Structures are given as C-alpha cells and as structure tokens.
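Report on one structure; see the data block that follows.
The values are calculated or read from the model by the stated rules, or taken from the named source; none is laboratory data. Quantities reported herein were computed from a predicted structural model and do not represent experimental measurements. Cβ sites come from the backbone with ideal geometry, for glycine too, and all protein chains shown count toward neighbours. The protein model used for the area step is the full one, side chains on, heavy atoms only, and it has no ligands, DNA or RNA in it. Shrake-Rupley method; radii C 1.70, N 1.55, O 1.52, S 1.80 Å.
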Amino acid sequence: MEQRHLGRTGLRVSRIGLGTLTWGRDTDEHDAADLLKTFWEAGGTLVDTADVYGDGESEYLLGRLMDGLVPRRDLVISTKAGSVRDPDRRFDGSRRHLLSALDASLARLGTEYVDVWHVHAYDPDTPLEETLQALDTAVASGRARYAGVSNFCGWQLAKAATWQLAVPGGRTRLASTQMEYSLLQRGVEREVLPAALDLGVGLLPSSPLGRGVLTGKYRNDATPADSRGASEYLAPFVAPYLDDTAARIVDAVTTAADGLAVTALQVALAWVRDRPGVTAPVVGARTAQQLAAALSVEALTLPDEICRALDDVSAPVHRYPDHDWSTL
C-alpha cells in the first residue's frame, strides 16, 4: 500500500487506515484478529482507536493482538483522549485528565508509546493553551511521537495549530486532525480543510463511506440485518444519511461504479482518499472480507470526469462569508 506523510511531518502512514470503533463491543477478538492480519498483510500501517471505544476494550484488544499477531514496529498506532462519559460534561481537555487518560491507554495497549495522540474534541471549559500543553508533555516525555486533534472546527484548528507554531522548536506542531469527511459530509471543506492545508496538518477522514450508506446497501429502503443501520447502537448514527439528498448522491456513485466496473464502495473511498489535504481515510470494517474489499481500492484512481461529476452532485452550499467574495 502506498505511504503518505502525515501532514508536514516525517511520519509516513498507509493511505488507508483501520478503524476500531466497534472492537470489544460488536467485534470480538477472533474477528479483530482477522481484520488486523488482513490489514497488515496488505501493507496497512495506520490503526486508529480511542480510549472510549468499547469503554477501553478496543485499546485492550488491539494491545493483545500486537503482543502475538502483528509486530508493534510495523504499526502506526493512533489513539484519542478527551471524551468522557459524564452527562454534564462530554469533553475534558484539562491537562490532568488528558495525561491520566494517556497513561491508561498505554497500559491497555501494552506499549510504551503511541505514534499519534489526538485530543478527541475541543473543550470550551478548558483554556486551549492548557490542552495543548498536555500534547507537548506527552511528546517531550516520549509517551507520544506525534500529536493532533479531532473534531475541531475551522477556527479551533487554526488557533491550535498556530499556537503550536508560535514558538519554533518549543512546542509540538499538530501533525493531524481527524474529522468526518465523505461525499455525504463535505462540511470540512468550508474552513477545516483550508486551515489544515495552510498549516500543514494532515486530514484523517472518519466515516469516509458515509457511515456505510455510500456502499449502496441501504438503497430502496433496504436495511440488511447485519448492517449498522439494523444495530440498536448504531442505527441513529446511520439515520441522518438516509434522506433524499443522500439517495441522489448514492445513485450517482453507483452509476459511476457501474461504468468503471468496480463497486460503489471503491468509488466513494477513492474519491475521499485522493482529495487535496487528505492523508488517510479511516475505514471501520465489520469483517475481513469487507476490509479486503475496501483495501482493493489501492489499484483504483478515478478519472477526472468522474470526480467532477461526483463533486457536482454532492457539492455543499457555501454562502457568505465562506463564498469567494469576488463572485458576490
């Protein structure tokens, strides 16, 4: 698999990442082992998790598999901290919480360091400088090799990345940001992606298949029994992308796939993988067979005319002040 630099850093990662959101909950150890082995054998390196995935079970399971199935040195492990299960406070970006969470993640993963450590979300109740100091401490102490953020809007990302660059060599530059991005969700193109491109932050798109909808499995009101749309936990996650607008985009993806003699999954994934600023979409497959289908996109590059057609049918509405002022 082709390798790409993560943002403006020297770290190289596979241009498709493996997501582990369901590990330890809907994905058991046997299936997780098949997924990790399939990914590794295909040349994949970037594996993404978080301390809240499966209440920590995702990290624990990944750590067990690294112990005997796949060499730790062959993987680029990314994890996140900052989300908390507190009805009164969804995110905790305090230095105390973040560094404690990192230590707990390392214990579950059974490793002395993670390659990339992300703040899971912006915490409005903690000064941003304090949150970013936790990243500096993590890297300076060797517990993390690189640092990034997740779910920061445009101004939050720009402020954080600029703050880290304000003292050259004195602070850890942001290597990456993880955000949802697909043909069904192009909101990052308004401000997040321009900021990331300008500041050298690599984008790691989550849900690059539109929460599974872009595979076409939900067309004509179908809901496969083994799909996320049929899951008690994940059905509300899929529901927002089952409207008429999404259906038109899925139809266009399917038409393009038929014309290229490939699958809708491959078209949707290739589109987001090759967008400017994207380092590696993170794919969360349920089975090794599904993952292999996603990894087969490595050989596919979409023709320019197909990309333009998909851009047109899925184009988000950008109005003032995001719109190009010269055309107003």
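General remarks:
- Beyond 21 Å, the tail of the calculated P(r) for the stretch 191-307 holds 41 percent of the Cα pairs.
- For the peptides 52-63, 236-247, the ranking by packing is 52-63, 236-247, with the highest mean count of neighbouring Cβ atoms within 10 Å listed first.
- Per-peptide packing, taken as the mean over residues of other Cβ atoms within 10 Å, places 299-312, 206-219 in the sequence 206-219, 299-312 from highest down.
- DSSP bridge orientation in the chain - percent antiparallel, rounded to nearest 5: 15
- At least 20 Å along the helix axis (C-alpha) and Kyte average at least 0.0, DSSP helices within the chain: 95-109, 244-260
- Each peptide in 274-285, 101-112 was scored by the mean count of other Cβ atoms within 10 Å over its residues; highest first, the order is 274-285, 101-112.
- As a fraction of the 1.4 Å probe accessible area of the chain, surface on carbon and sulfur atoms comes out at 50 percent.
- Partner lysines whose Cα lies under 29 Å from the Cα of residue 37, excluding those fewer than 8 positions away in the same chain, are identified as 80, 217.
- Ordered from largest to smallest accessible area (heavy atoms of protein chains, 1.4 Å probe), the residues 320, 181 come out as 320, 181.
- C-alpha center-to-center spacing [the stretch 14-59, the stretch 181-219] in angstrom: 20
- Dipole in debye (nearest 20) - the chain, about Cα centre, beta carbon charges: Lys, Arg +1; Asp, Glu -1: 660
- Quick note on the chain: its Rg to Rh ratio, both from C-alpha atoms and Rh being the Kirkwood radius, is 0.95.
- On the beta carbon distance between residue 162 and residue 100, with R0 = 25 Å, the FRET formula returns roughly 0.35.
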